[in-house]
Amino acid sequence: MPRTDRSLEMVPYGADQTVYLVVDSFGANGAACREVERGDLETVVSDLLLGQFNDPIRVIAFNTLEHWAEDLSKTVAVEIQSRCDIDGLPVPEHVKDFVQLRTGGSRHIA
């Protein structure tokens with residue numbers, strides 16, 4: 001069986017890299033994880049605000065070298081809400097449900 005290099009692309013190269021996954025819903029077709037190629041939280045937040053995901057459900061970070069994984073969904077939702085508040089803008093419709101669910105709807109979302 002020929003070996004493909006595609007499976008190797010999913011493993012971060014380098015001594016210490018955190019990878020961020022966004023679990024995205026596709027309605028009746030189910031959910032899928034999309035790996036955000038860059039290993040920084042800023043990219044995840046920016047991509048969510050720009051509508052790069054269909055219906056985000058969860059954001060998970062993991063580091064295989066350090067042997068940890070963490071659900072960052074609430075942290076990301078609070079950051080999105082904060083940025084919108086600072087800019088005086090409503091939370092974009094494509095992330096509105098994600099933000100409301102993760103923040104408990106405790107802040108205004110127009």
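Among the listed residues ASP55, ASP24, identify the single one that is among the acidic types (Asp, Glu), within 13 Å of the chain's Cα centre (by Cα) and open to solvent by less than 30 Å² (accessible area, probe 1.4 Å).
Result: ASP24 is the single residue among ASP55, ASP24 that is among the acidic types (Asp, Glu), within 13 Å of the chain's Cα centre (by Cα) and open to solvent by less than 30 Å² (accessible area, probe 1.4 Å).
Kindly list, by first and then second residue, each pair from a residue in the range 39-64 that is closer than 20 Å to ASN29 by Cβ to a residue that is among the aromatic types (Phe, Trp, Tyr) and open to solvent by 50 Å² or more (accessible area, probe 1.4 Å), limited to pairs with Cβ atoms under 8 Å and residues at least 6 apart or on different chains.
What qualifies is ASN54/PHE26; ASP55/PHE26.
What residue, among those in the range 63-110 that are over 19 Å from SER46 (Cα atoms) and open to solvent by less than 50 Å² (accessible area, probe 1.4 Å), is farthest from the chain's Cα centre (by Cα)?
Among those that are over 19 Å from SER46 (Cα atoms) and open to solvent by less than 50 Å² (accessible area, probe 1.4 Å), it is GLY105.
Answer yes if at least one residue in the range 24-37 is at pLDDT 60 or above and assigned to a loop (DSSP other than H, G, I, E, B), and no otherwise.
Yes - at least one qualifying residue is present in the range 24-37.
The values are calculated or read from the model by the stated rules, or taken from the named source; none is laboratory data. Just so you know, these numbers come straight off a predicted model, no measurement behind them. Note that we place each Cβ from the backbone using ideal geometry, even for glycine, and neighbour counts take in every protein chain shown. These accessible areas exclude ligands, DNA and RNA; they are computed on the full protein's heavy atoms, side chains included. Shrake-Rupley method; radii C 1.70, N 1.55, O 1.52, S 1.80 Å.
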